[in-house]
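**Q** Please read through the structure below; I'll follow up with questions.
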Amino acid sequence: MQQPRPRAPRVRLTVVTLTVCATTALTATLAGSPGPADAAPQAVTTGAPDDAGWRVVDVGNGSYQVSWTSPRDLPVGSDRPTITGEGLSFGAPTIAADGRTVTAVVTSDSAPLPSELDVVLSGDRLDEPGFDPAAGTAPVDPPRRITTELDARDPGARGPYETVISDYDWERIELPGMREPIEMVGHVVEPAPGEDTGPRPLVLFMHGRHSVCYYPDGVDRGGDGEWPCQAPAAEIPSHLGYHYLQRLLASHGYATVSVRVNGINAQDWKLPDGGADARAAIVQEHLDRWVDLAAEHQVDLDQVVLVGHSRGGEGVDRASIQIRPSAPYRIAGQVLLAPTDFAWHTAPYVPTVTVLPYCDGDVYDLQGQRFTDVGRDLAPGDKSLKSSVLAMGTNHNFFNTEWTPSIAVAPSWDDWGGDPDEACGRRDPGRLLPSEQRDVGKAYVAGAVHLFTGDAEYAPLYDGSPVTVPSIGDADVLSHAIGGGRAIRRPGSDAQPTIVTGHADARLCAGIASSSGSFAFCGRRVDDLVTPHWVSGGEQAPSRRFLEFSWQEAGASGGLRFSAPLDLTTDRLELRTILDPAYDAPDLQVRISDSAGGSAVLDPVPGTEPPALPVVPWATKLWASAVVVDASDATGVDLTDVTAVELVTETAEGRIWLADVAAAPTTPASQQTQRLAQVRIGTVEVDEGSGGVKLARVPFTIVGEVTRPSRFVAFTAGQERGQVQRLVIDVAPGQRTGSIPVEYEADDVFGYDQQTQIALWPLYGVVTDDYLGELVVLDDDPPPTVDVAVTRTVREGQRIEFKVTVDGERAIDLYAWGQAVRGRGENLRGTDVPAAWLEHHGDTSHPRRPLWRSHAGVFGEIPPGRETLTLSIPVRRDHVREGTEFLYVRFEVGDERARYRIRVRDAG
């Protein structure tokens, strides 16, 4: 759950200027406390950063603000760094303006220790040396699956139409939460005007989160993070990276446009949802303007397909949720390439294909699987196809040519790190070349676009059928599907375990991955595996139940018995099956039974047996492939009355998890136009008052019509009473508003503003749109007065000092920060301070840089009962005549700021 930076206490700040230097510790020293050798600050108790960059700040009411500062800028990608800790529940992370600090709030009985915490980005622990996913053994090549060629025209082959290219650059628009307006730039590729294509569906592409500026001459001039790009820097044209897909689709008769969102990428670090709503707004802005362009370009706006890559995938899905049936355009489907899904969203009634790269080094956890899984239970009567496609040997970046080395105009990289000879490394035989990955992208994006616009013959590419097309060569691609008219049976909901035979066990388990050994969890002790179907142990999002079936002898059996019979007269049975990689791929058969006792044992369709996925140290995927059974030879069974499906083992041991069982239709269901009502929540501020426990309510609103009893989950974190809450909220038909109750403690002593974070997740009947809310309880007690005495002139060999004095009663720590910033004149450099000081207070990788470029600064705290704090910056005596130098410092105490210029003269 994303949340804004916790509010600092409001204090009255006065300034005193000093020109005298004194000798103090290199870091904070508290008046009346032991000397620095005896009282080095500890991150757990003081909030000061330790050598590893951690800071744990007690913000009161049983909440702690936990942050970690990287010694260098965090990588720019679509995944976001997340703070984790066993048994702890964190709010969603935010990134500070420095581009290096990750912050989250945790509710805990005691302050968490930095040794118990990790910062994880794309599967790698940033606060620990080395690259976690790359450690391990050489790749294991699983046997090739049996596949047949799709009985339809290869969607990856060029079509018959000539194409033309154009671009537009409309006036920029303002979006909430962003200082700079967002560009409205589009790259259009479409059939030539004279081509007789008939009405042309429109395909809109949106790229993901990537760097936004570069220097065309390759010379780095600094200015990291400046937006808009400052000449001679130029914008990275990420939106041109799908031209190869646009050209292919245009040759098939589609109009295409790829839109640029560098302005969002440059500013979304400050947005609680990572910019998803902003990206959705840009999608709608472009489509609104295409209403006036449609006739000129022969575009049929009743058939719009959205294609989003990375964070662009979450953005277009958010747009699909928000666009109402009354809009002058209709979303016929969406293709999501390696998408993020921080919100656990999916778009009901909108056909969706999600492409998951097996070697994704950015969105490492394959969280895009949620777009399929969440859609299974969400919307009553939803028959839209939800398909996941697992593309072996593909990474995150190479679907975009502008993110691909050697062909991009700007610097680019392979997002999969580690040893190039190991699994998923660039020299691993299982990795696809960038051109081969683009071939997979062309076939599966174009095939989905055809499917969404009426070509049902492409469905086998997405429903688990063992088919391939010539254009992807030897690439191996797996898929499974729900929806699309399937009749589904879910473990624990409408299906229960059967009685097992032989030495075996079948039980229901919660879809949770944890280091715990509890048999209640499907993913017990799976720290080194990626589990896209399961919630991780620290997450509060809803989980689903699975059937766990394990056996220790051949001939054992176990499965599910249905609460209502399954009609299998279409002959196609699909089982979404996760294989435990600790065992070899098993030989399994499937037994189907009817209520009269008739049964038949059938073999899976060749090529759909549970496959052994590639073993990648710390990154092997527990992903559900589709085991497909043809029931046409099931003699002696009433296929209209199938009451049980069981697995029969032919190998000596193994374990699988069954996500669900479905009877698939012979043709995809027709498209639907309805949409679910949207639940939205905001932020509420109240004055604290006095008198102990108080109750506040954070309202939510519902956009659209709720037609049947519905339900969603609210997760709250930050308040002391009750600690973390997880509330199930029922919504009645016709309901328009409601509220989330939150208790808080009111007192009469100056303290922090209290924050309670609220995240919403849909269960069924409604979707969540603005899903992140907050209650802010404003402290209304008189603040202390703070005086800051600053050394304004020093000579080399002396120290710059900031002496803080606090006068007034308070119940909380006060924190003082001094950050070097850019100013006029010769700025003090890293070589002008002791190396040991810079190592603890900034970035030592380029010591000749000015201190502001090294993010150098000082920090300290003043706990209740203390009155003074002195922060100091030592200046080296270098015995070189160089004239006056300057240090500019932005100094903060609470939420008050002041800027100082300090003169540094030669030693004389």
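The values are calculated or read from the model by the stated rules, or taken from the named source; none is laboratory data. Quantities reported herein were computed from a predicted structural model and do not represent experimental measurements. Cβ: placed from backbone, ideal geometry, glycine included. Neighbour counts: every protein chain shown.
**Q** Please state which one of Gly825, Gly808, Gly830 is surrounded by fewer than 19 Cβ atoms within 10 Å (Cβ to Cβ) and touching a Pro at 6+ places or on another chain (Cβ under 6 Å). I'd like the intermediate steps shown before the answer.
**A** Working: Gly825 fails: touching a Pro at 6+ places or on another chain (Cβ under 6 Å); Gly830 fails: surrounded by fewer than 19 Cβ atoms within 10 Å (Cβ to Cβ).
Unique residue meeting the criteria: Gly808.
**Q** Among the residues of the stretch 741-773, which ones are closer than 18 Å to Arg697 by Cβ, more than 24 Å from the chain's Cα centre (by Cα) and among the β-branched types (Val, Ile, Thr)?
**A** Val742
**Q** Another question, then. Does Glu861 satisfy the criteria of being part of a strand (DSSP E or B), in contact with a helix residue (DSSP H, G or I) (Cβ under 7 Å, 6 or more places away or on another chain) and in contact (Cβ under 8 Å) with a residue 60 or more places away in the chain?
**A** Taking the combined requirement at face value, the residue satisfies it.
**Q** Please go through the stretch 164-206 and pick out each residue that is crowded, with 20+ Cβ neighbours inside 10 Å, more than 33 Å from the chain's Cα centre (by Cα) and of a type outside the set (Lys, Arg).
**A** Pro191
**Q** Could you check the stretch 367-393 and list, in sequence order, the residues that are assigned to a loop (DSSP other than H, G, I, E, B) and under 24 Å from Val203 (Cβ atoms)?
**A** Across the stretch 367-393, the qualifying residues are Asp382, Lys383, Ser384, Leu385.
**Q** Here's another thing I want to ask about it. If you go through the stretch 656-679 one residue at a time, do you hit one that is surrounded by fewer than 18 Cβ atoms within 10 Å (Cβ to Cβ) and assigned to a strand (DSSP E or B)?
**A** No, the stretch 656-679 contains no residue that is surrounded by fewer than 18 Cβ atoms within 10 Å (Cβ to Cβ) and assigned to a strand (DSSP E or B).
**Q** Here's a follow-up. Is at least one residue of the stretch 210-217 over 25 Å from the mean Cα position of the chain (by Cα), part of a loop (DSSP other than H, G, I, E, B) and either free of Cβ contacts under 8 Å to residues at least 40 places away in the same chain or surrounded by 11 or more Cβ atoms within 10 Å (Cβ to Cβ) (or both)?
**A** Scanning the stretch 210-217 turns up at least one residue that is over 25 Å from the mean Cα position of the chain (by Cα), part of a loop (DSSP other than H, G, I, E, B) and either free of Cβ contacts under 8 Å to residues at least 40 places away in the same chain or surrounded by 11 or more Cβ atoms within 10 Å (Cβ to Cβ) (or both).
**Q** Any idea which residue in the stretch 361-416 is surrounded by the fewest Cβ atoms within 10 Å (Cβ to Cβ), counting only those that are small (Gly, Ala, Ser) and farther than 21 Å from Ala624 by Cα?
**A** Applying the filter and picking the extreme gives Ser406.
**Q** I'm trying to understand the selection: among the residues of the stretch 258-312, which are under 19 Å from Leu175 (Cβ atoms), β-branched (Val, Ile, Thr) and under 19 Å from the mean Cα position of the chain (by Cα)?
**A** The answer is Val261, Ile264.
**Q** Suppose we filter Thr701, Thr640 for residues that are in contact with a strand residue (DSSP E or B) (Cβ under 9 Å, 6 or more places away or on another chain), in contact (Cβ under 8 Å) with a residue 40 or more places away in the chain, hydroxyl-bearing (Ser, Thr, Tyr) and outside the structural domain of Ser388 (by TED's automatic domain parsing); which single one remains?
**A** Selected residue: Thr640, the only one of Thr701, Thr640 that is in contact with a strand residue (DSSP E or B) (Cβ under 9 Å, 6 or more places away or on another chain), in contact (Cβ under 8 Å) with a residue 40 or more places away in the chain, hydroxyl-bearing (Ser, Thr, Tyr) and outside the structural domain of Ser388 (by TED's automatic domain parsing).
**Q** Also: Being touching a Ser or Thr at 6+ places or on another chain (Cβ under 7 Å) and in the same structural domain as Thr401 (by TED's automatic domain parsing), is that true of even one residue in the stretch 210-227?
**A** Checked against the condition, which is being touching a Ser or Thr at 6+ places or on another chain (Cβ under 7 Å) and in the same structural domain as Thr401 (by TED's automatic domain parsing), the stretch 210-227 yields at least one hit.
**Q** Between Gly464, Gly485, which is in a loop (DSSP other than H, G, I, E, B), of a type in the set (Gly, Ala, Ser), at pLDDT 95 or above and within 20 Å of Pro357 (Cβ to Cβ)?
**A** Details: Gly485 fails: within 20 Å of Pro357 (Cβ to Cβ).
Matching residue, one of Gly464, Gly485: Gly464.
**Q** From Val713, Val742, grab the single residue that is assigned to a strand (DSSP E or B) and either at pLDDT 95 or above or surrounded by fewer than 14 Cβ atoms within 10 Å (Cβ to Cβ) (or both). Show your work before the answer.
**A** Numbers: Val742 fails: either at pLDDT 95 or above or surrounded by fewer than 14 Cβ atoms within 10 Å (Cβ to Cβ) (or both).
Matching residue, one of Val713, Val742: Val713.
**Q** Only residues in the stretch 295-314 that are in the same structural domain as Asp362 (by TED's automatic domain parsing) and modelled with pLDDT of 95 or more count as the first member; pair them with residues that are buried (at least 17 other Cβ atoms within 10 Å of the Cβ) and of a type in the set (Ser, Thr, Tyr), Cβ under 6 angstrom, at least 6 apart or cross-chain, and list the lot.
**A** Note: pairs meeting the criteria are Leu301/Tyr329; Gln303/Thr453; Val304/Tyr329; Ser310/Ser78; Arg311/Ser78; Arg311/Thr340; Glu314/Thr340.
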